[in-house]
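Only the coordinates and a few stated rules stand behind these numbers; no lab work does. None of these values were measured; they are calculated from a predicted model. Cβ placement follows ideal geometry from the backbone for every residue including glycine, while neighbour counts extend to all protein chains displayed.
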Amino acid sequence: MKKNSLLCAIIWGIMATTLPAQTVKKDYTHQVDSVLKLMTVEEKVGQMIQYSNNKLLTGPSLDSRNHTEEIKRGEVGSIFNILTVERAKQYQDLAMQSRLRIPLIFGLDVVHGMRTIFPIPMAEAASFNLELIKKTASVAAAETSAHGIHWTFAPMVDISRDARWGRSMEGAGEDPWYGSQVAKARVEGFQGTDYNDRNTVLACAKHFAAYGAAVAGKDYAEADISEHTLLQVYLPPFRAAVEAGVGTFMNAFNEINGIPATAHKPLLRDILKGEWGFKGFVVSDWGSVGEIAKHRMAKDNEDAGRLAAIAGCDMDMHSMTYARHLVNLVKQGAVDITLIDDAVKRILTVKFELGLFDDPYRYNYRGKEIENKKVNAAHRKVAREAGAGSVVLLKNQNVLPVTSTAGKIAVVGPLNKAKKDMLGNWSAIGKAEEVISVFDGLKAALPKAKITYIEGYDLETNELKPLPDFSEYDVIIVSVGERAMESGEAKSKVDININANQQLMVKQIKEKAGKPVITLVMGGRPLIFSDMEPYADAILMTWWLGTEAGNSIADVLIGKYNPSGKLPMTFPRHVGQCPLYYNHKSTGRAWAPNNPWVSGYMDESVKPAYVFGYGLSYTTFEIAAPVMSKKEYKAGEPVVLTTSVTNTGQYTGKETVQLYLQDVVSSVTRPVIELCGIRQVELAPGETRKIEFTLSEQELGFFNSDKQFVTEPGDFKLFVGSSSDNLKATEFELIKK
């Protein structure tokens, strides 16, 4: 036994001294195969097992055992929900007592920041600033890795078309093209270009797939969608993540057309690992391997493990299914050892790429950065910028920005002082005491103004409080909306209206005060607030903006930052319109006013409250009609379009010019319009800038009835504008080569 241990220690030492960690592209096949040959079946299966640190659970409690002995036997591959360097080191010490000393990999849900919390992903998507989104992911990675963590379970790249679904807050909204760009930005931000950079972490594209297509917006419910919709709408962001080099994928909880995602062999082996050539590994979501039996596709937990392993789920997150059954399934011949070897090779390769075989503790040496005031200040500066850029101005009747002459300001509503809520859901180790509230942000921004806080309603019960006389105030700022924990996992709703009492309060304030009323809407999803809308002189969607929320909102309110956000999801007028999205299909009876024989409703308009891509500024912009470089293009030839945008207002501002496509006639139906490009430009008053878009077959193409991605010749229309319903058109023809 001592000789065997010594031999393994020598092998370990050779690998550690001769194989320095390099970029993700380095070929570790020889090293991985060398390790694999030394492993028993138990050790191989062990690499496919992930347990949660039981001190922090992010799902239902499934197991309370101490896994110390399993780790020491080399029968655990990963631990997640680790929060400190010290805890990570303790677990890694155990792994270093195992026979082969294969290091553990540590994961955590770092969705929009570790300690410095950035706007929730839906809010960041509203910025339409891809470089900024990449930057916040990079900062989050730096803070995460400084805590000894190698791997974040982010980004969520699910397309969400239904505001009832609570996890909309974690994604980039309803558009597959834009969702793909955001997926790429976030993966590149988390992972960087070199895994050898200790400021980066491994990213995880989740939830594969169609999790956002849950029937009726119910979390965990089935996705009953056509194969065409799956290919055209829900899969593109995942493919973009693969093309960006994402290291891992996570299964979804839902079933897709009768097959649970964790047991979906066509998705995992044929598409992801086959057609797309994904080389990383796939982890289940919390307990989703065992839940295959609850879907009634497996007769019991053991059968569920068999189906998941065969389908291509490489690592079992905390369901204990692989731990209890997979070794026996292999020995019985129910699961082929080659499938196990493939999974283990993928996991070991990632550990080599992260440099963990080189130094299992390589993420444990930056603890001083955690409390470094200079570093933290720099990170908060990024958070403040991201927060301001995420605010969407929905209405402004010439009351914003708030001028420095506003001597007395009433700030109404408990959300103005609610620090914890500003963090939003999935806020890692963000600290409420470090959050800048709206009230504090305004006081800092307007030191000469007298700013008075008025509760307005009870934060817990929504019961209205007595309102004072508002006659002495110049401006009234009211905050309404959700609490932070009303959006997120298992937070689906049938009613997405802002609480009736909160909306009534806005009406009462306006009627009582007769002064400008500025309303801040906070939440993690599209919300409905039609009852209060007529009584608000200005409305801003401020989401949950994180650690610097109050400063970000104050910057926008006083005009230090001119709002530039655009909605990444359509806001409905009525929950009965859900799911609601701009890129719907045509119909033989398109909606038209005063015609009963059309696709619409008897009791509500088909039009949303606010369309995709909508957002105002303190200035105004004029976007010129688009001009094609020519009217005919051969297939495969770049399609070039130009336009110009002019700042016609009085403030410097930023506009997001949006490009939409319509394939006039196609072999399968396509959306009425679909986003295919954005350009964000900042202009001084009176300034004009020319903008050029270039489209390839990737933007023009689609999946046909044979599931082949094709570009068909014919007529196309292109539209440019400031939102999906404010567009100017041109056209061209695509001809055969």
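Structural remarks
- Computed per residue of the chain from DSSP H runs no shorter than four, each worth -39500 (n - 2.57), the mean residue ellipticity at 222 nm is -8000 deg cm²/dmol.
- For the pair Glu455 and Lys395, the difference between a 0.36 nm per residue extended length and the Cα-Cα distance amounts to 19.2 nm.
- In a DSSP loop and with at most 15 other Cβ atoms within 10 Å, the trypsin sites (Lys or Arg not before Pro) in the stretch 698-734 are Lys707.
- Gyration tensor (alpha-carbon) shape descriptor, the stretch 324-403, a/c threshold 1.5: oblate
- With 23 Å as the limit, the listed pairs Lys566/Lys654; Lys345/Lys368; Lys351/Lys373; Lys351/Lys374; Lys443/Lys507; Lys493/Lys607 have Lys345/Lys368; Lys351/Lys373; Lys351/Lys374; Lys443/Lys507 beyond it between alpha carbons.
- Sorted into 10 angstrom bins from 0, the C-alpha pair distances of the chain split as 3, 14, 23, 24, 19, 11, 4, 1, 0 percent.
- Fully extended contour minus Cα-Cα distance, from Glu463 to Asn66, at 0.36 nm per residue: 138.4 nm
- Separation in nanometres of the label points that stand 7 Å from Cα toward Cβ, at Arg73 and Lys634: 6.7 nm
- Glu275/Lys607 FRET efficiency (R0 30 Å; Cβ-Cβ; nearest 0.05): 0.15
- Computed over the chain: relative contact order in percent, which uses C-alpha pairs under 8 Å that are six or more apart: 13 percent
- Packing-based exposure ordering (other Cβ within 10 Å, fewest first) of His574, His147, His30, His112: His30, His574, His147, His112
- Length-normalised contact order of the stretch 371-564 in % [C-alpha pairs under 8 Å, at least 6 apart]: 36 percent
- Two tests apply to each whole DSSP H helix in the chain, Cα reach of 18 Å or more along its axis and mean Kyte-Doolittle hydropathy of at least 0.5, and the ones passing both are 2-18, 337-353.
- Among the chymotrypsin sites (Phe, Trp or Tyr not before Pro) within the stretch 587-634, those in coil by DSSP and having at most 15 neighbouring Cβ atoms inside 10 Å are Trp591, Trp597, Tyr601.
- Applying a DSSP loop filter and a limit of 10 other Cβ atoms within 10 Å to the trypsin sites (Lys or Arg not before Pro) in the stretch 630-700 leaves Lys630, Lys631.
- Computed extension length for Lys707-Lys431: 94.6 nm, one decimal, from 0.36 nm per residue of separation with the Cα-Cα distance subtracted.
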